[in-house]
Amino acid sequence: MPDRFDWAYSTTLMTKPQPLTRHIVSINDLTNKEIETVFQVAAGFLRELSDSKIPYRIGRGTAIASKYILASLFYEPSTRTRLSFESAMLRLGGANITSADPAVSSAAKGESLADTIRVTSNYADVIVIRHPRDGAARLAAEYSQIPVINGGDGSHEHPTQTLCDLFTLRSKNKGLKNMKIAISGDLKGSRTIHSFVYALARFGATIDPLPAPGMELPTHVDRRLREEFRCRMVSKAPNQADSIDALYVTADQPHQLSLYSEPEIDYGLVLRKKIDAVYVTRFQKERWTEKERPYPKIDAKFLREGKYSHASVMHPLPRVNELDAALDNDRRAIYFRQAAYGVPVRMALISLLLHLHRNKSLHRFIGGFAESRHPIYAQPIGRGVHCPNSNCISNDPAERQYAANKFYVIPKNTKPGCILRCLYCETDIEAEAAAHFVAGDATRKTFAPGIGVLVHAPAEKLRHLTIYRNEAEAEAAGLAPRDRRKRAGAG
Amino acid sequence: MPDRFDWAYSTTLMTKPQPLTRHIVSINDLTNKEIETVFQVAAGFLRELSDSKIPYRIGRGTAIASKYILASLFYEPSTRTRLSFESAMLRLGGANITSADPAVSSAAKGESLADTIRVTSNYADVIVIRHPRDGAARLAAEYSQIPVINGGDGSHEHPTQTLCDLFTLRSKNKGLKNMKIAISGDLKGSRTIHSFVYALARFGATIDPLPAPGMELPTHVDRRLREEFRCRMVSKAPNQADSIDALYVTADQPHQLSLYSEPEIDYGLVLRKKIDAVYVTRFQKERWTEKERPYPKIDAKFLREGKYSHASVMHPLPRVNELDAALDNDRRAIYFRQAAYGVPVRMALISLLLHLHRNKSLHRFIGGFAESRHPIYAQPIGRGVHCPNSNCISNDPAERQYAANKFYVIPKNTKPGCILRCLYCETDIEAEAAAHFVAGDATRKTFAPGIGVLVHAPAEKLRHLTIYRNEAEAEAAGLAPRDRRKRAGAG
Amino acid sequence: MPDRFDWAYSTTLMTKPQPLTRHIVSINDLTNKEIETVFQVAAGFLRELSDSKIPYRIGRGTAIASKYILASLFYEPSTRTRLSFESAMLRLGGANITSADPAVSSAAKGESLADTIRVTSNYADVIVIRHPRDGAARLAAEYSQIPVINGGDGSHEHPTQTLCDLFTLRSKNKGLKNMKIAISGDLKGSRTIHSFVYALARFGATIDPLPAPGMELPTHVDRRLREEFRCRMVSKAPNQADSIDALYVTADQPHQLSLYSEPEIDYGLVLRKKIDAVYVTRFQKERWTEKERPYPKIDAKFLREGKYSHASVMHPLPRVNELDAALDNDRRAIYFRQAAYGVPVRMALISLLLHLHRNKSLHRFIGGFAESRHPIYAQPIGRGVHCPNSNCISNDPAERQYAANKFYVIPKNTKPGCILRCLYCETDIEAEAAAHFVAGDATRKTFAPGIGVLVHAPAEKLRHLTIYRNEAEAEAAGLAPRDRRKRAGAG
């Protein structure tokens, strides 16, 4: 992260991040080129080590990670992801230490994740973490001296599942460019979907969302796809929820029936293009209070439509009822191959993070895909604006002392002002029309509106400033509005 | 299984079973000769690797299974069995991945066992499974590409415990032939007992059941022992439940005080023969709704009777109160040696299933001891007769799409008609006197009674037929009785 | 233990303890010289294997424990201790088998710890156990054929944590002699504290207790420190609980404002000496019925006092609120280093117990520091005096048949009579003034008061005697007082 925000870390972190330590928290922590590197290594493992009987399965393994230890910290139920990571580590010749039950861990004694990570990073060489809180993996990465891999954090992201998904698509379609992918089910709660759509967008895919009612993509994910990743999305026409024929490629503004004006894309072609894959997700019942909901079921009848004639059927598994078991023998079903690829893909990622390949590496690079674009605003603990996502790790009482509120400051395309994006869960806070963010000066007990200009201010000045959501919150925190003339001068 | 029933698998299984993949679900999946092979390999490990201080304990180990992975999938509490398997795998030089808590696994998300197995078989080279449902291990074997070992499924079987028991008896008694074994306690709920008595019967033992009241051997186990394994059993005279002196060797018909007429056996001798071992089991409280029950306790007083003077005292452990701790120093107590043998015996089984021995192997052979005798009837999902055992995996809602009802069709010795034996839990359904099984033809919407002849019909014909428990159930499913003359012609 | 008490073991133990098998249940099982041996080996590992980037962290490892297995039996929540042991075993080249959830183990079926240990000691080469009952690790050691390490038993002891603590102090202070250590928080419930203060006392430290109200050191720990270890403790003057200035070095009798009269110690110097370390512990809420209590918090303000200017801040972790996160960057904070040292220190202990070092070893020696001083009185099961600590493993119904009441018989310094110290949890029973222990003779149905003389009686005589807490209890057990003249003659 930018040097001038280093102070934000020094207040809560014991050690400086190691320059060679890469963390994979979001799929956007890897560039497209790095993703391709992971896939080349994974394909190499498959070529050299695959089981002669089952072509996409790793048999036995190598010894390149001999004496290395993977720590699996799973604060949420999992079989597949954990066993797949542990199998990958063993196939590399390494070993595992595992904490798989939250009720049986130090967390039961009230320990913070930050402390657990600081301690565990002395016991292992790489950590994989699964956690019910959005953004937990980012917090873990902040406090870890060894690479942290996100094995799923709340509804936020699940980047290694996406690597398996992309690797499966790549081996099926001989590439990843310009695909058309339908995504079905709980698009709101599924972290798998969120990592997946970012990656699809970055590889130029057109996305066709088929959400269960009320389970659309979260607003901030949708906006990022459109505004930052310039993603082509096929949306239903408003008020025609029942019709699946009225499809439009949408522009920046959701629910607006216009098309992008980029010259190189033939939108008629995009619309007529057949679906390359249908990605099905289960109802994430652990993230909803309701037990049941109307939910789309993908079966032979659904796939009978012409545009699905060559569509691969994908599912991150486990499935419940949303994907008919009768499809298991359909030639389009590739979900068990997706699961099988978990081992070579995770072997590749782990071995690259441990620097075990002479000719391939993940570049020295902290922050990933989105890194260079947005400065970070870090806030003193206990003051100012906080992440509006109640499930964000920064709102966990146990982490209060360790997870200072930090935000990417993102300029708005059209309007003045900016968006604050939580560094942990990546939820956006948008300044409301009637009440812009305001910057408060704790030393002088005053505040001034207008964060837009302040993000370019020198670091020394920022140390004294705290951003509030609006003037009312700044006044509630005991600050008085600054004189207008003074404020004009500060700009 | 017979070729003509292959279609039954193609409807639910993604891949064909690998011909070299053996599964050990029942002790009857191993021939007597194969059991002897397992014991020779186990004895070899003991000879080469035993700890110098404690003669029946493996010290350190070999590296023959280096780079192989055992997946332990335990859906029920266990320390001993799981740790013993994992120790065996480590002593072979292999590694383990473990899912030991049902509440922390994908099962908590509602995933079917069939899916879990299909995925896990990409992560490991051999699977051991423990599950609360009878027949779960057979279902797992159907969906696995790698060998599945049953580590205990409901009240059904626990074959590796039986291998340890037999190995202990064999090393104590210099052989397994013609022993006389008393079995005490919960003979109904104890899967250990079920595997054990099948094996004893096959090695010619006489069995003396000492059940807790109401915990007799299940009817189908008892019948198999008598009718299929021609087992000599010592039974109490009816109406003399309190007397332990009135003992009889029973014939085919239970509760009938006659003797076998086989010429080579001197039944007086059998009755006078001393007991070689008393096998004690705990009250399987997790399989009963009552918390307490009158239960036999084996202690020094019980063993004072003359016929027990040389009886080894065995117990699969854990014990609660049914076996007095004061016996621990009795020279007849061999239960801790039984537990110790868990490691070499399981090492032998795993290494044989992985084909790691040059001169020893388990033959290429699917279906085990009972294989050649009975054809299989496999039924379309959602139609026809189903297993009457409510704890059978085929009655688990989560497996409904994966566990098609399948039955061994077993002719009756004396009467016309047949028995249907569930392929999973091996519970029998007997045609009732007044209402025989009937075969329904879904295409023609008719049914015809008399399954006996149909089991010899060609496979093409069977594809259209569904067996119902009786005429009433066929009619309830919307079928009409076929014309009598036509029916006669079909036979 | 003394030969004449061997019979006590033969009644409950199947095998004799292996002479080369050492168990580390209490820190007092190691002599000071042996502790130094552990530290030399640990320092060697750190020198040879430490990660180049982080000096107190082990990177990768050796292969000296190749093919050895550590069994982790954790009956209580833990991440840190278990993962640290397992990491240590892996860094040595060994492997692990783990049972980490009491609800998922054989204990859920009602198995005794004694049985679990006898079985598990066939599966591994060394055991680490954590258990909620005081004294459980000692019981485990009695029944194990392989070394048992106490990973924390109830409120009793946690010796390997103490080894890490001492190793941290030693590397910080270039030695362990004559330190002055403040201990803060739950001194009653914290097993870590109990092991730590014994070790401190043995290395000549002065201890400054800062208990939370009502959480003072247990009486028997306090007495042992003063009477057996001749520990210098700084105590608050009575009735001045609020003042932290009124400090005194106390003598044998607690709450008495006198000083030791040992000539070689300058008590003024002791009192003026600055604190070398503040050892902070969390509220052990799992050992108290109350959820909250007034509790001291160590923060920058507390440490501002002059005597703490060079005090290292230590914590066994996990912490909750008793240690301010703002201290993490304070140069005096060494708690994360303490945690990091868990790996090399445990590597040293495990490898020494497995005899893997050619030039270093733990002497052949059972019973540790306190061994030679006190004879053991072992009692027939179901009779006589029992441990007054209801959380002692000897009072666990599941262990009743396996944990015979056994006591160290400890003479009193000043008065006639003696103390009985439970062999498991080390809680003391003191004869009350008005009712001395009495020795009952089951054969003759009589009892005689006066245990003091009996402890020197020959073993044959002791076999017939049972000690009762007082005459009333002996009479309640059906014994009659012996004739006074006879009694005089017996002495």
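Read the figures in this text as sums done on the coordinates, not as results from a lab. Given the structure is predicted, the values throughout are model-derived calculations rather than measurements. Methodologically, a virtual Cβ is constructed for each residue, glycine included, from the backbone with ideal geometry; neighbour enumeration extends over all protein chains shown.
Tabulated data for the structure shown
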{"item": "³J(HN,Hα), Karplus 6.51/-1.76/1.60, whole Hz, each residue of region C:314-326, x for Gly, Pro", "result": "10, 7, x, 6, x, 9, 10, 10, 6, 9, 5, 4, 5"}
{"item": "Cβ-based exposure ranking for C:305, C:34, in which fewest neighbours within 10 Å come first", "result": "C:305, C:34"}
{"item": "Ratio of Rg to Rh over region C:17-102 (Cα coordinates, Kirkwood Rh, two decimals)", "result": "0.99"}
{"item": "Cβ-based exposure ranking for A:383, A:82, in which fewest neighbours within 10 Å come first", "result": "A:383, A:82"}
{"item": "In region A:299-359, trypsin sites (Lys or Arg not before Pro) in a DSSP loop with at most 13 other beta-carbon atoms within 10 Å", "result": "A:301, A:331, A:358"}
{"item": "Sites matching trypsin sites (Lys or Arg not before Pro) across region A:91-182 that sit in DSSP coil, with at most 14 neighbouring C-beta atoms within 10 Å", "result": "A:174, A:177"}
{"item": "Neighbouring partner chain Cβ atoms per residue of C:122-128, average, 10 Å criterion", "result": "6"}
{"item": "Percent breakdown of C-alpha pair distances by 5 Å bin, ordered from the shortest bin, for region A:280-342", "result": "4, 16, 26, 24, 15, 10, 5, 0"}
{"item": "Closest approach to the A/C rotation axis among chain A Cβ atoms, residue and whole-Å value", "result": "A:101, 3"}
{"item": "Computed E for residue A:360/residue C:53 - FRET, C-beta separation, R0 22 angstrom, nearest 0.05", "result": "0.50"}
{"item": "Shielding by other protein chains, C:70-78, mean Cβ within 10 Å", "result": "3"}
{"item": "Phi to ³J(HN,Hα) by Karplus 6.51 cos²θ - 1.76 cosθ + 1.60 over region A:339-349, Hz, x for Gly, Pro", "result": "5, 5, 5, x, 6, x, 5, 6, 4, 4, 5"}
{"item": "Shortest-first nm distances, residue C:227 label point to equivalent points in other copies (7 Å, Cα→Cβ)", "result": "7.5, 7.5"}
{"item": "Protection-proxy order for peptides B:145-154, A:66-75, B:56-65, each taking the mean of Cβ atoms within 10 Å per residue, highest first", "result": "B:145-154, A:66-75, B:56-65"}
{"item": "Stretch gain in nm, segment residue C:477-residue C:288, where the contour uses 0.36 nm per residue and the Cα spacing is subtracted", "result": "64.7 nm"}
{"item": "Region B:88-201: C-alpha pair distances exceeding 22 Å, %", "result": "44 percent"}
{"item": "Inter-chain shielding of C:398-408 (mean C-beta neighbours from other protein chains, 10 Å cut-off)", "result": "1"}
{"item": "Set C:174/C:273; B:188/B:307; C:188/C:412; B:188/B:274; A:188/A:285 screened for pairs whose C-alpha atoms are more than 20 Å apart", "result": "B:188/B:307; C:188/C:412; B:188/B:274"}
{"item": "Proxy reagent accessibility, fewest Cβ within 10 Å first, across A:191, C:230, A:469", "result": "C:230, A:469, A:191"}
{"item": "Debye intensity ratio in log₁₀ form over the Cα atoms of region B:180-219, taken at each q of 0.20, 0.23, 0.29, 0.30 Å⁻¹", "result": "-0.52, -0.68, -1.01, -1.06"}
